[in-house]
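Novice: Take a look at this one; I'll ask things after.
The values are calculated or read from the model by the stated rules, or taken from the named source; none is laboratory data. As the structure is a prediction and not an experimental result, all values here were calculated from the model. Cβ: placed from backbone, ideal geometry, glycine included. Neighbour counts: every protein chain shown. Quick note on the areas: whole protein, heavy atoms, side chains included, nothing else; ligands and nucleic acids left out. Shrake-Rupley method; radii C 1.70, N 1.55, O 1.52, S 1.80 Å.
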Amino acid sequence: MQCDRCRRRAVIFQRYSGLHLCEQHFVADVEAKAKHAIRTHRWMRSGDHIAVALSGGKDSSALLYFLTMLTAQRRDITLSAITVDEGITGYRDPKQAIRIAESLGIGCLTASFRDEYGITVDEIVAKKGDACSCSYCGVLRRSLINRIAREHGVTKLALGFNLDDEAQSVLMNVLRGDADRLLRRQREIDGMVPRIRPFLYIPEREVALYAQLHVAGIGLGRCPYAHNALRADVRAVLNDYTLRHPSTKYALVNIGKRLADTGGAVQDGIRTCETCGEPCGVTCRSCQILREVFGSAA
Ligand code: SF4
């Protein structure tokens, strides 16, 4: 197939746009969408220190590459990476993430569940079973990355979230009947480093291709606990439906944004946890998890 813009060989067909694109026009399209997201959401300001939460997988590696290129001439922006070793055997070798950051000339801050919490995700699963592995892992990882970012003066935490991730999140909130979360407007919370998601409007397979074209040594492993997440079911349903209705993921992300923009509900009652010092609601979920795992707060 030929590119619809220049007649070179196409590397991808975008079902939602009806376009075949060659490598050059595909890369330009991805970068234009990411820049548009950054502009629209005002996600980059002079003086920012942006840290990419880097797992070494395709999304975060592609994002680190993109932001490295975007900020190469910007002396007013600092870029770094943060990688966390959750302790999941055969998945996410932190050395891989560090190598990717080094190859782009970006400094990488590292931490591990073992050092910070005294336990790995594998050990939590051995103690508590794997049914809740993702909620334990996700809460502890978010809390740890936020603390590292805050302690190093990071002003924006960049996440490799793509269109598929966001559409899945919207649908998951619908399926859970979680209207509060659907209506929750993002706002600044003391102690919480603001998050940015430049790949918000780019489908997962396009981020994967962009990563493949630009970054060597990406981790392709799949988390052994991923099958437990509601997200895995929603992802399968959504992918199947999108084959027949190609713009569905964009529709979900847009409706999610429209609902959040109504600002019908805000997150009240945010406080600082007396035990771990992180922002939290009525109870600190991280400390609650550690109490469940150890029998007392670590
Ligand atoms: Fe953690 Fe679940 Fe992601 Fe695995 S799939 S890394 S357990 S959140």
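Novice: Probe radius 1.4 Å, ligands and nucleic acids ignored: give me the carbon and sulfur share of the accessible area of the chain as a rounded percent. Don't skip to the answer; put the middle values down first.
Specialist: Details: 7640 of 15300 Å².
Taking all protein chains in place, the chain shows 50 percent carbon and sulfur surface.
Novice: Compute the accessible area per residue over the chain, keeping the other protein chains in place, probe 1.4 Å, unit Å².
Specialist: 51 Å²
Novice: Still on this structure, please answer the following. Specify which residue in the list 65, 32, 88 is farthest towards the positive end of the charge dipole of the range 23-110, using unit charges on the beta carbon of Lys, Arg (+1) and Asp, Glu (-1), about the Cα centre.
Specialist: 32
Novice: Roughly what angle does helix 94-103 make with the longest principal axis of the chain, taking Cα atoms, 0 to 90 degrees, to the nearest 10?
Specialist: Helix 94-103 sits roughly 40 degrees off the main axis of the chain.
Novice: Rounded to the nearest Å, what's the spacing between the alpha carbon centres of the range 1-21 and the range 40-99? Just the number, please.
Specialist: Between the Cα centres of the range 1-21 and the range 40-99 lies a distance of 29 Å.
Novice: Here is a further query. Find me the longest stretch of the chain that has none of the exposed GluC sites (Glu not before Pro), where exposed means in a DSSP loop (not H, G, I, E or B) with at most 16 other Cβ atoms within 10 Å.
Specialist: Counting at most 16 other Cβ atoms within 10 Å as exposed, the longest clean stretch of the chain is 1-187.
Novice: With everything on Cα atoms, drop me the angle between helix 230-244 and the longest principal axis of the chain, reported from 0 to 90° to the nearest 10.
Specialist: Value to nearest ten degrees: 20.
Novice: Please name whichever of 139, 242, 192 sits farthest to the positive end of the charge dipole of the chain, dipole taken about the Cα centre and charges placed at Cβ: Lys and Arg +1, Asp and Glu -1.
Specialist: Positive-most Cα among the choices belongs to 242.
Novice: Would you work out if the range 31-294 is rounded, prolate or oblate? Take a ≥ b ≥ c from the square roots of the eigenvalues of the alpha-carbon gyration tensor; rounded if a/c is under 1.5, else prolate when a/b is larger than b/c, oblate otherwise.
Specialist: Values: a/c = 1.18, a/b = 1.06, b/c = 1.12.
Rounded, because the longest to shortest axis ratio a/c is under 1.5.
Novice: What list of ³J(HN,Hα) values in whole Hz, one per residue of the range 81-88 in order, does the Karplus curve 6.51 cos²θ - 1.76 cosθ + 1.60 (θ = phi - 60°) give from phi, with Gly and Pro shown as x?
Specialist: Using θ = phi - 60°, the values come out as 10, 10, 10, 10, 9, 6, x, 10 Hz.
Novice: Just to confirm the number: angle between the C-alpha axis of helix 133-151 and the first principal axis of the chain, 0 to 90 degrees, nearest 10?
Specialist: Helix 133-151 and the main axis of the chain meet at about 90 degrees.
Novice: OK, next. Give the relative contact order (percent, whole number) for the chain; include only Cα pairs under 8 Å separated by 6+ residues. Before the final figure, lay out each step's value.
Specialist: Values: 458 pairs, mean separation 61.8, N = 298.
Over the chain, the number comes to 21 percent.
Novice: Size of the dipole of the chain about the Cα centre, Lys and Arg at +1 and Asp and Glu at -1 on the beta carbon, nothing else charged, in debye to 20?
Specialist: With only Lys, Arg, Asp and Glu charged at Cβ, the dipole is about 840 debye.
Novice: Still on this structure: About the Cα centre of the range 97-252, how large is the charge dipole given +1 on each Lys and Arg Cβ and -1 on each Asp and Glu Cβ? Please answer in debye to the nearest 20.
Specialist: About 260 debye.
Novice: Can you find, among 46, 169, 98, the residue farthest towards the positive end of the dipole of the chain? Put +1 on the C-beta of Lys and Arg, -1 on that of Asp and Glu.
Specialist: Toward the positive end, the furthest listed residue is 46.
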